[in-house]
Each structure stands twice: as structure tokens, then as C-alpha cells.
1. Can you tell me how region 108-244 classifies by the Cα gyration tensor, rounded, prolate or oblate, using a/c under 1.5 as the rounded cut?
2. Among Leu126, Leu246, Leu115, which one moves the most in a GNM of the chain with springs linking Cα atoms closer than 10 Å?
3. Based on the Cβ-Cβ distance from Ala225 to His152, what FRET efficiency comes out when R0 is 45 Å, to the nearest 0.05?
4. Compare Asn64, Asn184, Asn157 in a GNM of the chain, Cα atoms joined below 10 Å, and give the one with the largest fluctuation.
5. Please compute the per residue accessible area over region 1-71 with all protein chains in place, 1.4 Å probe, rounded to a whole number of Å².
6. Which percent, nearest 5, of DSSP beta bridges in the chain are antiparallel?
7. Quick one: compute the contact order of the chain, relative version, from alpha carbon pairs under 8 angstrom and 6+ residues apart, as a percent.
8. Can you list which of the trypsin sites (Lys or Arg not before Pro) found in region 221-267 are DSSP loop residues with at most 15 other C-beta atoms within 10 Å?
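The values are calculated or read from the model by the stated rules, or taken from the named source; none is laboratory data. None of the values given here were measured: they were computed from a predicted structure. Ideal geometry is used to build each Cβ from the backbone, glycine not excepted, and the neighbour counts take in all protein chains shown. Side chains are part of the model used for accessible areas, which takes the heavy atoms of the whole protein and leaves out ligands, DNA and RNA. Shrake-Rupley method; radii C 1.70, N 1.55, O 1.52, S 1.80 Å.
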Amino acid sequence: MTDHAFPLAGVIGYPIGHSKSPRLHRYWLGRYGIAGDYVPLPVSDDNLRHVLHTLPRMGFVGVNITIPHKVTVMSIADQVTDRATLIGAANTLIFGSDGRIYADNTDGYGFIANLKQGAPDWDPSLGPATVLGAGGAARAVISSLIDAGVPHIFLSNRTRPKAETLKQDFGSRIEVVDWVKAGNVIEDSTTLVNTTSLGMQGAAEFRVPLDGLRPGTLVTDLVYAPLRTKLLETAEAMGCQTVDGLGMLLHQAVPAFERWFGRRPEVDDATRNAILS
Ligand code: ATR
């Protein structure tokens, strides 16, 4: 908890207008009657370091970091958590009272917390997971799946070398699968995760063959615009459990809000509706 009477937090990106985080944190601030604010901060690459060293002197207790700064910020922080180091990116900064910058990554936590809430019976240890995509989001997902006890991960990405790099970083539980063969391993998986932008409004359609999906498999999509993606609709029609991606965005914000504002916020229907309205 901070000593500031009116703690400030925010989200730094470039551009930043699209971010849902200000609405989320402001909703929680209002709901719990906490004095403080959370603002969008458009900051370009060349100003990032200067801004991060100035914000703690202006009443800021921390910030979220989004595209394109999630990797760069690691070299500016004074201390980086092990999980952020493993993921290779940070999404949450906490400013110490001495101005020191602590960097963490809560995306993996948000991913797992969302699945536990949306599919309470899901047991990650029961079988392999298929992860589609090998970008920044996939790194957070894979690290948290390994922590959660998934025995094996089929990893498939359009650009195969990126998946090979993730295998080097995350180890022997990962098996890289050609993009054109992704559909084949889905039938052996009890968890399926789309971390690519396929199916997002304005992006290419999701075309990975889903005929092999087994009823009961947990299917989740990090894409949350639209909320019900074609992947989730198809999976549901095939008898799979589905969890949409909005919850990951909400849950990844929980540890940060708690650190900055001193209260652990709830993720419930009211929170979802506040973001969607
Ligand atoms: P994020 O941080 O959200 O993961 P990213 O690092 O840009 O974003 O990664 C985007 C992912 O979507 C990548 O896995 C990308 O595949 P490539 O590594 O081959 O680029 C995947 N992706 C984007 N457009 C795609 C498409 N049309 N077909 C298949 N995969 C696509």
C-alpha cells in the first residue's frame, strides 16, 4: 500500500487510445471508494526512460506497460521478477518510495486465473495442451501452463523458428509442430489456446482445422474482440468447455491494482459489464 493520499497509476503505450485498462481500474476505484486515478499515457520510445524516472516524483505508484514497450522496459527497471525475465517482457511496474522501478509480468497469472474462474473443473495436469502462436502472449501462456503442471505442450506457429526459440527457452515439455499440422495434435490435447491474432476484428480469419476437437477439451482464445470468436463458437458446438479472453485482461490487472491501491479487486459479472458497456 502506498503513502500517497491520491495515488496515481496508468498505462503506457504508443498509441494508447484503445486500452481498456483505464476503464477497468477506474471502475474498481469507484466501486471500492478509493481516492486515486488511472490514466492512459501515450509515450514514444525515445521518451520512455525519462518518463519512467519522472512519474514517481509526480505521485505515480506504478504503471502498466503495453505495446510497444513491454520488452524495452525490462532494461530500464531496477529489478525484474523471475517470471518477467522468463517471459522476456513486463506489463506491470511498481515504483518504490525511493523511485526504484520494479518490473513484473502478470499476464500468465491472468491467463490461469481466468481459466480457473471460467472452468473450475479444468485440470491442466490431465493431458497435453496445444498452443497456437509464438509471440509475446504465447510466452506468458506457456510459462504459466508449465507452472500449472501441464505435462506436454504442442506449440505451433506460422513462422516455425519462433516456436523453436520458445522451445529453447522453456524446455523439453514443448514439442514444436508445423503450422499446417496444428489440426492433427488438437485431438490429443485436453487444452487448446489461441494466442495468435487470428479471428480478431480486422485480422485474418481463424482457419486451423478443428475436426479433431474432443468434447470436454478446454478451449480458450486470447482474442476478445469479438468476445465470442469463431474458434469458441465452433468448440462450444462440438461440446468443448470454452473460456473467452476478456477475463485474462481483467485478471492480469488484479495483482497490480492490489499493490498500487491496497485492495484486492473482484473480477465478476459487474466488472465484465463495466468494461463491455
Ligand atoms: P502478441 O504479443 O499478442 O503475442 P505478436 O508477438 O505480434 O503479438 O504475435 C502475434 C502472433 O500471431 C504470432 O504468433 C503470429 O505468427 P508469426 O510469428 O508467424 O508472425 C500470429 N499471427 C499473426 N497473423 C497471423 C496469420 N495471418 N496467420 C497465422 N499466424 C498469425
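1. Rounded.
2. Largest GNM mean-square fluctuation: Leu126.
3. So the FRET efficiency works out to roughly 0.90.
4. Asn184
5. Here the per-residue accessible area is 52 Å².
6. Close to 20 percent.
7. 17
8. Arg228, Arg263
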